[in-house]
Amino acid sequence: MCEFCGKAFTRSGLLKQHIDGVHQGLRKRYCEICDQGFSPDDDLQKHIDSVHGGLQMLTCVICSKTFRHKRSLKRHTERSHNRLRKRYCELCNQGFSQADDLKKHVNLVHGGIQVLTCVICGKTFRHKRSLKRHTERSHNRSAKE
């Protein structure tokens, strides 16, 4: 459905053609730091300068490499770190390459015991204090960061 006029389309290619032809120049632009959308009349650069203090570099929390765009950081993390890092079940130490596979394992094998996941490396814990200790020791960060 067209976000500008509400016209519905059965295929995304037709929607793109419609927007390019009828609403040329009206597409929203998105802040690469916070994903807030701006119409062409809004000033994206003023938003970046006032809210984010200018265009900031985004830093990988695992290897400290910096990126100008959120999508570049996400792609880097997926390609460089997610495939290499195994996640281990805290209950039986079985390893998994994907966080979703670990969650499925815990639900199926361990009866759905609540799992807390480290947002940095994907390791899981049953207790909040274990996750906090892990975050402080393994990533040199407080759990609230």
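Computed over region 86-139, the range of Cα coordinates on each principal axis works out to 30, 20, 16 Å, biggest value leading. Cβ-to-Cβ counts within 10 Å put 9, 67 in ascending order as 9, 67, the fewest first. In region 86-139, a dipole from Cβ-located charges (positive for Lys and Arg, negative for Asp and Glu) runs towards its positive end, and of 95, 115, 138 it is 138 whose Cα lies farthest in that direction.
Every number in this text was worked out from the coordinates using simple rules, so none of it is lab data. Everything numeric here is computed off the predicted structure, so don't read it as measured data. Don't worry about glycine lacking a Cβ; one is built from the backbone with ideal geometry, like all the others, and counts go over all protein chains shown.
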